[in-house]
């Protein structure tokens, strides 16, 4: 369920550095607007924990748990400015679209599990199917890939940034 290899270590170190830079550079923006409170750091660190779980995931359920931990924290970060109606609206839109994508991702993962009879990810040694070109795996692989791509898409990041007006450093984490 958990992979500890050199690639995971490199990606984790890159993530640590990126989150640290986001926290440092968003300090002035958050302080000017009165949002520089403890929950900002707790949410950012729990989102980082979700990223770490996803980086080391070797199982579909572990990957999904990391994705949801990160996503729920990011929904809250978007709505951190409680006095802003625009921020609350953006968080609700983000939550609804994320829930739809999450449901489709789970559906695709369950179809892959049904076709392969194992829930380990295909990238793990010994668990790789012959190919995703197999007829029974075409649609589930496409569906899971589409949902994963949606959740990490740049268009969603730009939409949330323009809608909620949160700092660029905070919304940059939405790209992951």
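Quick look at the numbers
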| item | result |
| --- | --- |
| Sequence of 102, 4 once ranked by neighbouring C-beta atoms within 10 Å, starting from the fewest | 4, 102 |
| Sequence of 113, 94 once ranked by neighbouring C-beta atoms within 10 Å, starting from the fewest | 113, 94 |
| Inter-site label distance for residue 13 and residue 89 at 7 Å from Cα along Cβ, in nm | 4.5 nm |
| Of every Cα-Cα pair in segment 44-85, the percent that sits beyond 14 Å | 47 percent |
| Ranking of 10, 78, 53 by count of other Cβ atoms within 10 Å, fewest first | 10, 53, 78 |
| Global geometry of segment 1-124, whether rounded, prolate or oblate, following the gyration tensor of its Cα atoms and the 1.5 cut on a/c | oblate |
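Read-outs throughout are calculated quantities, based only on the coordinates presented, and are distinct from any laboratory measurement. These figures come from a predicted structure and were not determined experimentally. Positions of Cβ are backbone-derived with ideal geometry, glycine not excepted, and every protein chain shown enters the neighbour counts.
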